[in-house]
1. What are the residue pairs meeting all of these: first residue in the stretch 114-128, first residue open to solvent by less than 40 Å² (accessible area, probe 1.4 Å), second residue among the aliphatic types (A, V, I, L, M) and in a helix (DSSP H, G or I), Cβ atoms under 6 Å, and 6 or more apart or on different chains?
2. If you go through the stretch 49-70 one residue at a time, do you hit one that is open to solvent by less than 90 Å² (accessible area, probe 1.4 Å), within 30 Å of LYS163 (Cα to Cα) and at pLDDT below 75?
Amino acid sequence: MIGGLTAAVCVPLLVFLLKRALFPLEMLKQQAAQIAGGVYSERACPRGSDEIAALAQSFNAMAGAVERNINSLELKAQQQEMLLAAVAHEIKTPMTSVIGYADTLQRTRLTEVQQQNAISRIHTECRYMERLIQKLAKLIATDHAALSLREESTAVLLDEVRKTVVSGQGLQETEISVYSDGGLLAMDRDLMTDLLLNLIDNSRKAGSSHISIVAQKNDIFVRDDGCGIPEEKLAHVAQPFYKGDPSASRKKGGLGLGLALCQKIARLHGALLAIDSSPGTGTTVHIIFTN
């Protein structure tokens, strides 16, 4: 009888103690299943200082390493996706210029001087695209890309931008005017050219009939008389892939990347990108050099 009573008390107690002792292992098993299912943020809660608690701490460290590696891979995938979209977006304007000159060479009788000028311009645009792709790769790969800045004439910069715009799309629909006070600013001229071409492209898509590009003192700005941007959308227009009017952007070939890259290029130049716009009055985008 004593043995039976002892067994009746001890067996349930032993089962309870075993379940309690093995509970952390069951939790680790569940956590392993969650990690296998793609949930990397779950962590075990080790208690005490025995071997099982040490195992739980090691398991948490492993789960943390897995989560960091997965996040890193996802970030790289996003960067590569953004780079491909950015390259496609940014080479559109110089590519249009190259195609325009090539069509002219094919279909129009030109003098020898005109032919040489067209070939020279095609060569210039192709070299520009080559440099731009290399710089965009560095720009997208890191948020802290180091640029080699040097003093450049704003008059030369604006003249180069004007030539690219005129040769690529002509002035049939939009009048382009440029003005520079002849000052110098520290910049990477290729990236700053790309920034201004992006702003001009946005102005064209907004239905502008006249676009002004002005450089004075520490400010370069692009002003248009297009449809403008509603106030509630101004805070979002520089976000990657944001499209204020998705259907219109799709029809005009927009990717929602232009202003995001403009803002990043400006920031790497120590400059601010300030947008002043309202519907019906057009838009002015300032690049204000603060250094």
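1. Listed pairs, sorted by first residue: ALA118/LEU105; ILE122/VAL98; GLU125/VAL98.
2. Taking every residue of the stretch 49-70 in turn, none turns out to be open to solvent by less than 90 Å² (accessible area, probe 1.4 Å), within 30 Å of LYS163 (Cα to Cα) and at pLDDT below 75.
Table: residues versus (1) closer than 21 Å to MET187 by Cβ; (2) at pLDDT below 80.
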| residue | (1), (2) |
| --- | --- |
| LEU75 | no, yes |
| GLU81 | no, yes |
| ALA86 | yes, yes |
| ALA102 | no, no |
| THR108 | no, no |
| ALA118 | no, no |
| ILE122 | no, no |
| LYS135 | yes, yes |
| VAL161 | yes, no |
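The values are calculated or read from the model by the stated rules, or taken from the named source; none is laboratory data. Worth saying up front: this structure is predicted, and the values here are computed from it rather than measured. Here the Cβ is made from the backbone with ideal geometry for all residues, glycine too, and neighbour counts use every protein chain on show. Each accessible area value is taken on the protein alone, full model and side chains, heavy atoms only, with ligands, DNA and RNA left out. Shrake-Rupley method; radii C 1.70, N 1.55, O 1.52, S 1.80 Å.
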